[in-house]
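K.L.:
The structure is given below, and queries will be raised subsequently.
The values are calculated or read from the model by the stated rules, or taken from the named source; none is laboratory data. This is a predicted model, so every value here is computed, not measured. With ideal geometry, Cβ positions are generated from the backbone for all residues, glycine too; neighbour counts draw on all protein chains shown.
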Amino acid sequence: MPELPEVETIARGLDKRVRGDVIDSVWLGKHREPFKSSPREIAAALPGTRIAEIRRVGKHIVFDLVRKTSRNGKVSMQWILHLGMTGRMLVCSPEEEIPKHTHAIATLSSGRELRFVDPRRFGRLSVATEQGFSGPGTEPLTVTAEEFAKLFHRRKTPIKAALLNQKLLHGVGNIYADESLFRAGIRPRRQAGRLTRAELDRLHGALKEVLREAIKLGGSSVSDYVDAEGREGFFQLQHRVYLRTGKPCLACKTPIKRLVLGGRGTHYCPKCQR
Ligand SMILES: [Zn+2]
């Protein structure tokens, strides 16, 4: 499942390629699962809008759309996309063969097409007429140390589980939770509410650092993630603990351990993390 850095990479790639283009028409497939708003609503909302910007909000990709007839250029509509496990939004030319599991096609004035392809159908498309879509939780790239520390105040869950809780921070998934806990030197099972302020400050710094590095490298290519142009990311080469069970810690050579926390495989160094 793509996490924050991958979604950021995809949103930036889409923005670079189709910002300013106009949606002429929309085709929607027969499967209902991908449509969080009704297909009728989506089909009515999108045509005749110009793509003002594409950006990431949490793990969602938001298309800010302006009606072509709008005089003030104000965003009048948002097209919101969650990629789920296997969802991809591709920019294609119409001659390209339409892949299996294509659930939506938006034809653009430039002649290109935006195609939403999702074999496992956990991805979701919706439209909103208000431009305030912010998703749940706090944005990890901009949260202050103060706000960050408050999120975990009195939480009895393990810190790893709290990092994955999308109501607290949005967009942090398994890879970046494990990697930031390693860099902060904190054991994943520690009770979130019992971490000291110094530890939380370290974690705050480590999480931002890991996410920024991953964005710079185009995300992590695990399972079948690729960006809007079909390129793989490279952050997986920087993983220090994630999926490195039994391999020597890059800092101290102790074998990396794995445990299951809240149903998720969790990787850590028993010596560097306390
Ligand atoms: Zn170590």
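K.L.:
Among all residue pairs at least 6 apart or on different chains, which show Cβ distances below 7 Å where the first residue, located in segment 194-219, is charged (D, E, K, R) and the second is part of a helix (DSSP H, G or I)?
P.N.:
Here the result reads 197/149; 199/184; 201/145; 202/184; 209/183; 213/235; 213/238, each pair linking segment 194-219 to a residue that is part of a helix (DSSP H, G or I).
K.L.:
Follow-up question, since we're still on this one. Which of (1) more than 17 Å from residue 117 (Cβ to Cβ); (2) modelled with pLDDT of 95 or more does residue 72 not meet, given it meets every other one?
P.N.:
(2)
K.L.:
Report yes if some residue within segment 94-108 is surrounded by 15 or more Cβ atoms within 10 Å (Cβ to Cβ), in contact with a strand residue (DSSP E or B) (Cβ under 9 Å, 6 or more places away or on another chain), without any contact (Cβ under 8 Å) to a residue 60 or more places away in the chain and under 26 Å from residue 168 (Cβ atoms); otherwise report no.
P.N.:
no
K.L.:
Another question about this same structure. Please go through segment 233-266 and pick out each residue that is away from the ligand (no atom under 13 Å from the Cβ), at pLDDT below 95 and in a loop (DSSP other than H, G, I, E, B).
P.N.:
Within segment 233-266, 233, 234, 239, 242, 243, 262, 263 meet the criteria.
K.L.:
Scan 107, 144, 138, 129 and give me the residue that is within 18 Å of the chain's Cα centre (by Cα) and polar (S, T, N, Q). Full working, then the answer.
P.N.:
On the way: 107 fails: within 18 Å of the chain's Cα centre (by Cα); 144 fails: within 18 Å of the chain's Cα centre (by Cα); 129 fails: within 18 Å of the chain's Cα centre (by Cα).
So the residue among 107, 144, 138, 129 that is within 18 Å of the chain's Cα centre (by Cα) and polar (S, T, N, Q) is 138.
K.L.:
Quick test of your reading of the structure: residue 196 fulfils all but one of (1) over 22 Å from residue 85 (Cα atoms); (2) within 16 Å of the chain's Cα centre (by Cα). Name the failing condition by number.
P.N.:
Just one mismatch for residue 196, condition (2).
K.L.:
Whether any residue in segment 175-185 is closer than 22 Å to residue 263 by Cα, among the aromatic types (Phe, Trp, Tyr) and crowded, with 18+ Cβ neighbours inside 10 Å is what I want to check.
P.N.:
Checked against the condition, which is being closer than 22 Å to residue 263 by Cα, among the aromatic types (Phe, Trp, Tyr) and crowded, with 18+ Cβ neighbours inside 10 Å, segment 175-185 yields at least one hit.
K.L.:
Would you say residue 227 is assigned by TED's automatic domain parsing to the domain that holds residue 155, more than 16 Å from the ligand (Cβ to nearest atom) and at pLDDT below 95? If you could, list the steps in order and put the result at the bottom.
P.N.:
Numbers: assigned by TED's automatic domain parsing to the domain that holds residue 155: yes; more than 16 Å from the ligand (Cβ to nearest atom): yes; at pLDDT below 95: yes.
So residue 227 fits the description; yes.
K.L.:
Please state which of the following conditions residue 83 fails to meet, knowing it meets all the rest: (1) more than 19 Å from residue 48 (Cβ to Cβ); (2) without any contact (Cβ under 8 Å) to a residue 40 or more places away in the chain.
P.N.:
(2)
K.L.:
Next up: Could you check, for segment 157-169, whether at least one of its residues is out of contact with any Phe, Trp or Tyr (no Cβ under 8 Å at 6 or more places or on another chain) and within 30 Å of residue 22 (Cβ to Cβ)?
P.N.:
No, segment 157-169 has no match at all.
K.L.:
Let me ask something else. What's the number of the condition residue 156 fails, among (1) surrounded by 14 or more Cβ atoms within 10 Å (Cβ to Cβ); (2) touching a strand residue (DSSP E or B) at 6+ places or on another chain (Cβ under 7 Å); (3) not assigned by TED's automatic domain parsing to the domain that holds residue 101?
P.N.:
Here residue 156 meets the rest and fails (1).
K.L.:
Restricting attention to segment 173-224, which residues are among the aliphatic types (A, V, I, L, M) and modelled with pLDDT of 95 or more? Walk me through how you get there before you give the answer.
P.N.:
The first filter runs over segment 173-224 and keeps only residues among the aliphatic types (A, V, I, L, M), leaving 175, 177, 181, 184, 186, 192, 195, 198, 200, 203, 206-207, 210-211, 214-215, 217, 222.
Answer for segment 173-224, where residues must be among the aliphatic types (A, V, I, L, M) and modelled with pLDDT of 95 or more: 177, 181, 184, 186, 192, 195, 198, 200, 203, 206, 207.
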